[in-house]
Amino acid sequence: MKPDKELERLRKVLKDFEGPIRKEYKADIIGVFGSYAREEQKEGSDMDILVRFLEGASLFDFVGLANFLEEKLDLKVDIVPIDTIREEIRENVLKEAIYL
C-alpha cells in the first residue's frame, strides 16, 4: 500500500480511538518517522510511530499500544517514545517526522 494510504489509515485510527488510546495506554501519538515519512518503505517495512507516554504509563501500556496499532493498521509498528530518542539522531528524527 502507498505511504499516503497507510498514513491516512493511521490518522483515521487516531481520530476514532484518540480517547481510548490516551485512557487505555496512557499515550499521545505524535507522528511518524523513518521509511514511511520519507516514502521509502518496502513490503514488510515497519511504521515508526513517535509517542509521548503520559505519567504512570508502564511497559504493559507500551506493548499494548503496539499490539493495538498493529491490529488496527494491519502492519508492523515500532513505537518510539519521544524522550528515548538518542541525542545524536534526535534532530533528524524530529525534522523528518510527519506530525499527526
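The values are calculated or read from the model by the stated rules, or taken from the named source; none is laboratory data. From a predicted model like this one, the values you see are computed outputs, not experimental measurements. Here Cβ is always computed from backbone atoms with ideal geometry, including for glycine, and neighbour counts include all displayed protein chains.
From L65, L75, which residue is surrounded by 17 or more Cβ atoms within 10 Å (Cβ to Cβ), out of contact with any Pro (no Cβ under 8 Å at 6 or more places or on another chain), touching a residue at least 24 places away in the same chain (Cβ under 8 Å) and more than 17 Å from I98 (Cβ to Cβ)? Steps first, answer last, please.
Values: L75 fails: more than 17 Å from I98 (Cβ to Cβ).
Criteria check complete, one pass: L65.
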Output for region 39-52, where each listed residue is within 13 Å of the chain's Cα centre (by Cα) and surrounded by 17 or more Cβ atoms within 10 Å (Cβ to Cβ) | M47, D48, I49, L50, V51
Do the conditions hold for E55, that is, is it under 12 Å from the mean Cα position of the chain (by Cα) and within 22 Å of P20 (Cβ to Cβ)?
-> no
Count of residues meeting criterion [in a loop (DSSP other than H, G, I, E, B) and farther than 15 Å from D28 by Cα] in region 39-91 = 13
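Quick check on L59: is it closer than 20 Å to L14 by Cβ and modelled with pLDDT of 95 or more? I'd like the intermediate steps shown before the answer.
Working: closer than 20 Å to L14 by Cβ: no; modelled with pLDDT of 95 or more: yes.
No; evaluated as a whole, the condition is false for this residue.
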